[in-house]
1. Just the residues that are more than 27 Å from ILE349 (Cα to Cα) and assigned to a helix (DSSP H, G or I), please, taken from the stretch 288-305.
2. Kindly list, by first and then second residue, each pair from a residue in the stretch 533-545 that is open to solvent by less than 10 Å² (accessible area, probe 1.4 Å) and assigned to a loop (DSSP other than H, G, I, E, B) to a residue that is of a type in the set (Val, Ile, Thr) and at pLDDT below 75, limited to pairs with Cβ atoms under 9 Å and residues at least 6 apart or on different chains.
3. Quick one: would you say PHE485 is touching a residue at least 60 places away in the same chain (Cβ under 8 Å) and in a strand (DSSP E or B)?
4. Hey, any hits in the stretch 66-82 for a residue that's at positive phi, open to solvent by 50 Å² or more (accessible area, probe 1.4 Å) and over 31 Å from the mean Cα position of the chain (by Cα)?
5. Quick one: count up the residues across the stretch 38-76 that are outside any loop (DSSP other than H, G, I, E, B) and among the β-branched types (Val, Ile, Thr).
6. Just to be sure I understand the filter: pairs with C-beta atoms under 8 Å, separated by 6 or more residues or on different chains, first member in the stretch 40-52 and within 19 Å of PRO66 (Cβ to Cβ), second member polar (S, T, N, Q). Which pairs pass?
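The values are calculated or read from the model by the stated rules, or taken from the named source; none is laboratory data. Since the structure is predicted, the reported quantities are computational estimates derived from the model, not experimental observations. Because the Cβ atoms are built from the backbone with ideal geometry, glycine has one as well, and the counts that use them run over all protein chains shown. The protein model used for the area step is the full one, side chains on, heavy atoms only, and it has no ligands, DNA or RNA in it. Shrake-Rupley method; radii C 1.70, N 1.55, O 1.52, S 1.80 Å.
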Amino acid sequence: MPMMPSALEEAEVSNVFTSLVNPTGITIVPCSPTAKPLKTITDVKTALQQGRKQDLKYILRNNAWPVDHPIRNQLWPLLCMQHQNEKSSNSIEGFYWEMVKQVFGTMELPDKPINLPPFVEPSHCHSYYLTHKGRAAVDRVVSVLGYAYPDIVYSPTIYSICALLLHFISEEECYNCMVCLVVCKEKTFITQTKLLYEVTWKTVMQISKKHVVGALRRRENWRNSMFCFLFWLQKGPAVFLQRHCNSARAERIYVDWIWWIFQGLPFQHLIRIMDCFFHEGIKVFYRTAMAILILFYKNSSAPTSEYQAEIQKNGVESALLKFCKEMPVTPQKFLKVAFGIRGLSSAYISRVFIRTEMVLKSKTVISGSRQLVRSRSSENLPNSQSQNNIQMVSHTLTIREGAHSPGPRTLSMGIFPVQNVESVILAQEDLLTLWSWLPVRITMYTPILLYTTEEHGCSLTTFYVRVEQHEPTLLLIKTCNNEVFGAYCSSRWCERNQKDQRGNRQAYFGTGETFLFSLYPERAKYPWVGIDADRVEHGAELFMAADTKMITIGGGDGQAIWIDENIRFGKSDACSTFNNPPLCPGGDFEIRVLEVYGFKMND
């Protein structure tokens, strides 16, 4: 017979939740008497201090601390604070309350509701078991976070994560933890724009098509039944299996994937998921979503299943949410399914995420409002202007050099014919052709000659110093055989230094607005192949790459433009990204002149 808890232990349990929580509705599932002893906060601290990240993962995934276990008062802040960096150093004691006083003028909780920041999704402000005072505290934390980090544009999960933290830690600790999650660069915890939120559900949709099927095949005798889950999900509820259902319905199911977790799952399941999330990041949510789909299929594929009736009555979305709320397995069994999915590595998820992000960014740039997608630094970046200021290029286009300015030469639309052309690559006819190929908004701006081998020498280091902060850029090459070609590069070259979630430098960057061109001996423009395609392979999404030894434009089965570190030799192949032929007949070339232009606003 298990020992009865002492009075001291009962007192500790009653103090697990903060004063902001009404615990009467929380279901407490005690540990099994036969379960192994649970790890302590000391075990977690030791693993963290010794850098044993894999051991820490194992501890968090496999120790079934019940929802009322006192470890989370220390565990969650410890896990969050490991992700802090110089931008989260404002988590010093008292800083939050100074911010509260600055934002609200008082440290007292207001009686009236607080106007939440626009990044919050009003229909998904889940407060779980917080009291009225607790909900007001969440509102205040979220508001201060929005004030301190105005770059957060859209982040519907922030409210729910804050509310969960406040069940176990103080308001100030909650804010400090959220700061660490928001500014963390090594891992993604919280998406902060609508674009990235869209990337997450599309990522879930893509990985589910591969990994849910694989998991089901391994777990049971796979049959091509009419209830095959993915077919069912693509075609819609059972009542529509006999006829085609457009993809918008299936996508709608995935759009709400994060609410399967934050709105649907029982509290005890959600808390165990958060134990892992605060260490591993958003990939835990991806695995959670896959586990929900796997278990949902297994529990709803039979025609007599109650969820089949719900599907026929209210649709798949309603049945899925009902299943989440009634999750028939324990939290630990659920995590075992989630972390038992094979091949769903962080690297794989990151690749799918980045590829999806690149495609969405490219399509936004190409088919959107003709505003250039801004990178993290807005220096020298064109802004949108009235279309009335756009002038069509004519024969009055000139190249001129400032008479008294030592700065870069400018290429601008003027009222005089072309005179004293300084570019050794562009003739007037070439210039007019090239100008007509640029995105319309770019023709509003004045090109500036940032770099030329004629004046600045043949050094990739000098190239980066003079060019890397400008977006977009126009790269022009004239070979020793007089071929003339180049590329319009949509992103800053300094993005070569950006790192992925694992801290590895990303190989390729840029967007689908990048294009190639040839002016001699052939005149041709080669846009990204994805402009007119709904789906392209990864090899067709390789726009720009660079390091200390080379720069590359285009990839997949060849490199459209490759230039060595001395900016002397290069090669041009056909590539998948632009479906181009080699830009020079021989493939290999020697550079006579290379010029790079940026763009600035007209005075």
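1. At the first step, the residues of the stretch 288-305 found to be more than 27 Å from ILE349 (Cα to Cα) are 300-305.
The answer is SER300, and nothing else.
2. That search, which allows pairs on different chains as well, returns GLU541/VAL359.
3. Values: touching a residue at least 60 places away in the same chain (Cβ under 8 Å): yes; in a strand (DSSP E or B): yes.
Yes; evaluated as a whole, the condition is true for this residue.
4. The first filter runs over the stretch 66-82 and keeps only residues at positive phi, leaving none.
No, because not a single residue in the stretch 66-82 is at positive phi, open to solvent by 50 Å² or more (accessible area, probe 1.4 Å) and over 31 Å from the mean Cα position of the chain (by Cα).
5. Taking the stretch 38-76 first, the residues outside any loop (DSSP other than H, G, I, E, B) are 41-49, 53-62, 72-76.
After this cut, where a residue has to be among the β-branched types (Val, Ile, Thr) as well, the list is 41-42, 44, 46, 59.
Of the residues in the stretch 38-76, 5 are outside any loop (DSSP other than H, G, I, E, B) and among the β-branched types (Val, Ile, Thr).
6. Listed pairs, sorted by first residue: ILE41/GLN74.
Table: residues versus (1) of a type in the set (A, V, I, L, M); (2) at pLDDT 60 or above; (3) open to solvent by 20 Å² or more (accessible area, probe 1.4 Å).
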residue: ALA148; (1), (2), (3): yes, yes, yes
residue: CYS162; (1), (2), (3): no, yes, no
residue: GLU173; (1), (2), (3): no, yes, yes
residue: GLU198; (1), (2), (3): no, yes, yes
residue: ARG223; (1), (2), (3): no, no, yes
residue: VAL239; (1), (2), (3): yes, no, yes
residue: HIS244; (1), (2), (3): no, no, yes
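Residues checked against (1) at pLDDT below 90; (2) among the small types (Gly, Ala, Ser); (3) open to solvent by 20 Å² or more (accessible area, probe 1.4 Å):
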residue: LEU434; (1), (2), (3): yes, no, no
residue: LEU438; (1), (2), (3): yes, no, no
residue: TYR445; (1), (2), (3): yes, no, no
residue: THR452; (1), (2), (3): no, no, no
residue: GLU455; (1), (2), (3): yes, no, yes
residue: PHE463; (1), (2), (3): no, no, no
residue: ARG466; (1), (2), (3): no, no, yes
residue: ASN482; (1), (2), (3): no, no, yes
